[in-house]
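See below for the structure under consideration.
Each value in this text was obtained by applying a stated rule to the coordinates, not by laboratory testing. Only a predicted model underlies this, so the values are computations on that prediction, with no experimental measurement involved. Cβ: placed from backbone, ideal geometry, glycine included. Neighbour counts: every protein chain shown.
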Amino acid sequence: MLKLAEEKDLPRIIAFCGGSLLGTYLACRAQCYGTAYDYVRFWYASQDETLHAVIGSIDGAAVLLADAEADSEELQAFLRMQGFSSVMANEETAVRCGLAVTERKTAFRFVGAAPQVEPAAQSAEMKEVYALIARSIPGSFDNTKEAYLRFLSDYTFRKNRHAARMCAVLNNGVLQGCALTAAETRTAAVLSGVAVAASARKTGLGRRVVLSLVHTLQAAGKDVYVIALNKSAEAFYQRIGFEKTETICYMEGISDV
């Protein structure tokens, strides 16, 4: 049976979440938010003290991580009952739970050691970073003041808890490229917001900014994951040292209502 997590349950949840991209998202949320915020919730399913599934939700957007022993019928019924606005799960879990998939993306993990590249700066003006990502990745961010402030609040919250960072490339003070982490734990990180200005594309700058950030993360003892947004991004990540790990599925509007 799925149980609502209490603060004392978080160490077990974080341990269960090690070793995968979705697990990194969940563990990062557990470490940053804990159980102190009304808009953040965690549930877990266990048998004989062994965890088999974890669900974490922020503002109704959920991430599901489950092993092969998890009760798929219970998970499906719970997701429908909660009526999450969206759910992320790997393809195997989505299929076992009979979930209607809205979109599929490929997850990658960096393998080996990041080669030496010209280092990128560790910071830039967040407003410029947000604007570059919004221009470069259609559908990523709303180009409004309210959306930017939500992004800034979340990034600052995580950064203050050592769960977010960035690398950036500037030319004469003008931002040319950036890469951020969407989630970090003590052992892993997920990249996001990889963007390059139109005038700087096909110059190797994307490779430089990503590998500079990967090198920093690996030096801190972290595995590095990323979700490729399209086929072009898949080819890019494979060229610079990432390897496919799994398919991530997105489900929207799961509800019995």
Exercise. Are there chymotrypsin sites (Phe, Trp or Tyr not before Pro) in segment 1-99 that DSSP puts in a loop and that have at most 13 other Cβ atoms within 10 Å, and which ones?
Worked result: Y37, Y39
For this session: Compare L65, L229, L191 in a GNM of the chain, Cα atoms joined below 10 Å, and give the one with the largest fluctuation.
Result: L229
For this session: Evaluate the charge dipole of segment 104-257 about its Cα centre and quote only its size in Debye, nearest 20, assuming +1 on the Cβ of each Lys and Arg and -1 on the Cβ of each Asp and Glu.
Result: 320 debye
Exercise. With N residues in the chain, what two-decimal value do you get for its Cα radius of gyration over 2.2 N^0.38 Å?
Worked result: 1.01
Exercise. Using a Gaussian network for the chain with springs between C-alpha atoms less than 10 Å apart, which of these wobbles most: D38, D223, D154?
Worked result: D38
Exercise. For A198 and Q116, what is the calculated FRET efficiency with R₀ set at 22 Å and r taken between the beta-carbons, to the nearest 0.05?
Worked result: 0.20
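Suppose R0 equals 25 Å. What FRET efficiency, 1/(1 + (r/R0)^6) with r the Cβ-Cβ distance, do E69 and K159 give to the nearest 0.05? Walk me through the intermediate numbers first.
Details: r = 36 Å, r/R0 = 1.46.
The calculated FRET efficiency here is 0.10.
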Problem set entry | Computed [θ] at 222 nm, deg cm²/dmol, the chain (DSSP H ≥ 4; -39,500 (n - 2.57); rounded to nearest 500) | -10000 deg cm²/dmol
Exercise. Stretch E128-R104 to full length: gain in nm at 0.36 nm per residue minus the Cα-Cα span?
Worked result: 5.7 nm
Seminar exercise, completed: A chain fully extended from E243 to A36 at 0.36 nm per residue, minus the present Cα-Cα distance, gains in nm 70.9 nm
Exercise. Taking the Cα-to-Cβ direction at Y250 and at E91 and moving 7 Å from each Cα, how far apart do the two end points lie in nm?
Worked result: 1.7 nm
Seminar exercise, completed: The farthest towards the positive end of the charge dipole of the chain, of the residues V111, Y33, T203, given +1 on Cβ of Lys and Arg and -1 on Cβ of Asp and Glu, is T203
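When the dipole is taken about the Cα centre of the chain, and only Lys, Arg (+1) and Asp, Glu (-1) are charged at their Cβ, what size is it in debye, to the nearest 20? List each step's numbers first, then the result.
Working: 27 positive and 28 negative charges, 263 e Å.
Roughly 1260 debye for the chain.
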Exercise. Calculated FRET efficiency, D48 and E146, Cβ-Cβ r, R0 51 Å, to nearest 0.05?
Worked result: 0.60
Problem set entry | Value of relative contact order over segment 25-81, rounded to a whole percent, pairs C-alpha under 8 Å and six or more apart | 24 percent
For this session: Give K105/K127; K8/K231; K8/K244; K3/K145; K127/K231 a once-over and call out the pairs whose C-alpha atoms are over 31 Å from each other.
Result: K8/K231; K8/K244; K3/K145
Problem set entry | Partner aspartates and glutamates for K222 [C-alpha distance under 13 Å; skip if fewer than 8 residues away on the same chain] | E184
